[in-house]
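Working notes, beginning with the structure itself.
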Amino acid sequence: MADRIMRVNAYTTLDLVDAEAEGHGFDEEAYATVNVTSPRTDPDHVEFALELDNTALDTLEAHADRLRLSPAQARELAAALEEEADAVEAADE
């Protein structure tokens, strides 16, 4: 991923996932990086960041999207992910 905005290293949560950007008049697919962190000092939020590989995009400029979540919101998101993962696994059985 050239011209990367997010820092990617051995601690990055997910460094290569299938992703899609959808907008009015475009739909693009690319690999993406996903990272979940919190500030090292005085943590007051959980950050969920996503960056699509801009070398595979024609419409979007290089950018990273970030969600700033409270602990309760992060737990709600985690629970929803668990629930959907369980549903997908059950459908595969």
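Contact annotation: residue pairs with Cβ atoms under 8 Å, 6 or more positions apart or on different chains, pairing a residue in the range 10-30 that is under 10 Å from Glu51 (Cα atoms) with a partner that is among the acidic types (Asp, Glu) and surrounded by 15 or more Cβ atoms within 10 Å (Cβ to Cβ), are Ala30/Asp53. Only strands (runs of 3 or more DSSP E) whose full extent lies in the range 11-81 are considered here, and none of them has at least 3 residues that are in contact with a Phe, Trp or Tyr (Cβ under 6 Å, 6 or more places away or on another chain). Among the criteria (1) under 16 Å from the mean Cα position of the chain (by Cα); (2) loosely packed, with under 14 Cβ neighbours inside 10 Å; (3) of a type outside the set (Asp, Glu), the one Leu52 does not fulfil is (2). If only residues of the range 55-93 that are modelled with pLDDT under 95 and more than 25 Å from Asp27 (Cβ to Cβ) are counted, the one that is nearest to the chain's Cα centre (by Cα) is Asp92. From the list Asp44, Asp3, Asp15, the lone residue that is of a type outside the set (Gly, Ala, Ser), modelled with pLDDT under 95 and within 22 Å of Leu69 (Cα to Cα) is Asp15.
The values are calculated or read from the model by the stated rules, or taken from the named source; none is laboratory data. What you are looking at is a predicted structure, and each value in this text was computed from that prediction instead of being measured. A quick note on method: Cβ atoms are made from the backbone with ideal geometry, for glycine too, and the neighbour counts reach across all protein chains shown.
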